[in-house]
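> This is the structure, below, for whatever I ask next.
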Amino acid sequence: MQAPHVFADLSKNLWTRETEALLRQLAVESLLARKRDAMLAGAAINTSEQRSAMHWLLRTPADGGQLAQSPVLRSWPQDMHSALHDVHDTLDRMLALADQIKGNQQITDIVNIGIGGSHLGPEVVVNALEDWIDKDKNFHFVSNVDGHELGHVLRRVKPESTLFLIASKSFTTAETMLNARSARQWFLDHGGSEDPQAPCSIDRHFVALTTNTQAAAEFGIQRTLGFWDWVGGRFSLWSAIGLPIAIAIGSEQFRALLDGAHAMDAHFFTEPLENNLPVRLGLLDVWYRNFCHFSSRCIAPYSHGLRRLTAYLQQLEMESNGKSISKNGTRLSAPTAPVIWGEPGTNGQHAFFQMLHQGPDVIPVEFIALRDGGKYLGEHHQSLVVNAIAQAQALMVGRCGEGQEKDCDGNRPSSFLMLERLDPASLGALIALYEHRIFVSGAIWDINSFDQWGVELGKNLAKQLHARKSHNDWSGVDASTQELMKRLMESH
Ligand SMILES: O=P(O)(O)OC[C@H]1O[C@H](O)[C@H](O)[C@@H](O)[C@@H]1O
């Protein structure tokens, strides 16, 4: 089927028309349409944090665009109109800043410091759109608290020609804060200044992207672009967190990225369930996970530009739907998000595809390819996509009669998504497709796809271990953790 900017061939999946009709019935019984409308109405669907989930508003045109005639929009309360107004105010300011930085020839290096949702989205988009980027700027993404990553970048840049973007929704994430402090110290140690009047000042060379503008100011960054707590971290590339993207491709193309996502939003919010690609894919995910008991899904982008897409989708899907408790607090009896994994093609073919063809587990595969490969070596592109099509065919038809070890069962499912080309609008639509698809399966499972309390546990324990380390106090700590901590301290 054709959805905005994305063609989807779902014909190699293990379902029939009847299966899909029954799944749609399940969607009706799970109140999917009502839940979708609640999101569009700005209801607090992130119940554990009492927040709405309105990342789609970040790409809604000021006049409502393709959603203007939607009955939900037409009955929006005033505060939704105000929120949309604020979105466009901030977007205009952000894009003006982006164009100014883009045109500033003195700035040759942009260093984005952030992790999770404040890193993966911008990284995947900047990588994907490298053909749209002026060659006079280098983009660096630092996320890991491992000092090797920041050190590697700092060895290659100079304070006077570098702009640091400190990206953190909360402005409290330990890794980002440590990386930001180290970058700041390096900047001051190498000729930068705290004096706002100085030519190489923190004011000119640091920008914070955050909802916590106060913490950014306390850190010493005055130039801040804000956003709102109703933008989940993993859905935030459309907000101020997208500044590195906007610097890379410019305001006009950033707007094209938003427009592509908006076209998919309108498709999702208004098309009937049977013609709605995010709904069809979300239902397919439920079918495979709960009825066929497939526990993972392989994502294989046949595009070097999309080489980081799987990492991005891992956070999007597994952080959103890796839950075992329903919205009303009961433990679910059925499993939720599968393991998402994969590598770009054709590399994956020469590594793990063997298991996809002959391994004991059936693993649905998602091929993502471009019809038009752009300006590089057309022959390579044809070879790339033919490989993807051949792999999907091989998984389906298998092989028999050549001796048991050579035989492949076949009947292994795959979906094939094809973009016309890798441009901002198509990429925006593709990412929005995944956001909504995940919403659909989350709605069927009746989980809150917008919180991530499991992540908090690890963060808290890391903080406690740090504190205990300074007092060398291990009372009440389990033996395994104690031993590892003692070993770490001994080596110092
Ligand atoms: O943007 P920040 O507040 O620094 O958060 C960065 C990341 O932190 C945690 O890992 C959360 O699980 C992610 O959802 C979030 O994207």
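> What ranking do 187-196, 416-425, 136-145 get when scored by the average of other Cβ atoms within 10 Å per residue, highest first?
416-425, 136-145, 187-196
> Looking at this model, which pairs from Lys169/Lys463; Lys102/Lys158; Lys137/Lys169; Lys169/Lys486; Lys327/Lys463 are more than 23 angstrom apart at the alpha-carbon?
Checking Cα-Cα distances, Lys137/Lys169; Lys169/Lys486; Lys327/Lys463 exceed 23 Å.
> What share of Cα pairs, in percent, lie more than 19 angstrom apart in the range 241-346?
62
> Can you pull the percent of the chain's accessible area that's carbon plus sulfur, 1.4 Å probe, other chains left in place?
Carbon and sulfur atoms account for 51 percent of the accessible area of the chain.
> Give, in whole angstrom and from largest to smallest, the semi-axes √(5λ) of the equivalent ellipsoid of the range 1-107, with λ running over the eigenvalues of the Cα gyration tensor.
Value: 35, 23, 14 Å, ordered largest first.
> So if I take the centroid of the Cα atoms in the range 472-492 and the same for the range 5-38, what is the distance between those two points in Å?
Distance between centres, Cα-based: 50 Å.
> In addition: Compute the accessible area per residue over the chain, keeping the other protein chains in place, probe 1.4 Å, unit Å².
On a per-residue basis, the chain sits at 45 Å².
> List the extent of the Cα atoms of the chain along each of their three principal axes, largest first, rounded to whole Å.
Result for the chain: principal-axis Cα extents of 73, 60, 54 Å.
> A follow-up question, please. State the dimensionless ratio Rg/Rh of the range 69-171 (Rg: radius of gyration of Cα atoms; Rh: Kirkwood radius).
Taking Rg over the Kirkwood Rh, I get 1.09.
> Next question. Rank-order 25-36, 265-276 by packing density, defined as the average count of other C-beta atoms within 10 Å over each peptide's residues, highest first.
Ranking, from highest mean packing down: 265-276, 25-36.
> Relative contact order of the chain, please, whole-number percent, based on alpha carbon pairs below 8 angstrom and at least 6 residues apart.
Here the relative contact order equals 21 percent.
> Over what distance in Å are the Cα centres of the range 319-343 and the range 408-462 separated?
First find each Cα centre; the distance between them is then 12 Å.
> Over all distinct Cα pairs, what is the inverse of the mean 1/r for the range 378-425, reported as the Kirkwood hydrodynamic radius in Å?
When all Cα pairs of the range 378-425 are included, the Kirkwood radius is 12.7 Å.
> With only alpha-carbon atoms in the gyration tensor, what are the semi-axes of the equivalent ellipsoid for the range 401-474, in Å, largest first?
Taking √(5λ) for each Cα gyration eigenvalue gives 42, 26, 16 Å.
> Can you tell me the length gained on complete extension of the stretch Ser295 to Arg487, counting 0.36 nm per residue apart and subtracting the Cα distance?
65.5 nm
> Under the definition of Cα pairs under 8 Å and six or more residues apart, what whole-number percent is the relative contact order of the range 160-220?
Relative CO of the range 160-220 lands at 47 percent.
> For the ranges 242-252, 363-373, what's the packing order if you count other beta-carbon atoms within 10 Å of each residue, average per peptide, and put the highest first?
Peptide ranking by packing, descending: 242-252, 363-373.
The values are calculated or read from the model by the stated rules, or taken from the named source; none is laboratory data. Quick caveat: nothing in here was measured; it's all calculated off a predicted structure. With ideal geometry, Cβ positions are generated from the backbone for all residues, glycine too; neighbour counts draw on all protein chains shown. Accessible surface is based on the protein model in full, side chains and every heavy atom, while ligands, DNA and RNA are left aside. Shrake-Rupley method; radii C 1.70, N 1.55, O 1.52, S 1.80 Å.
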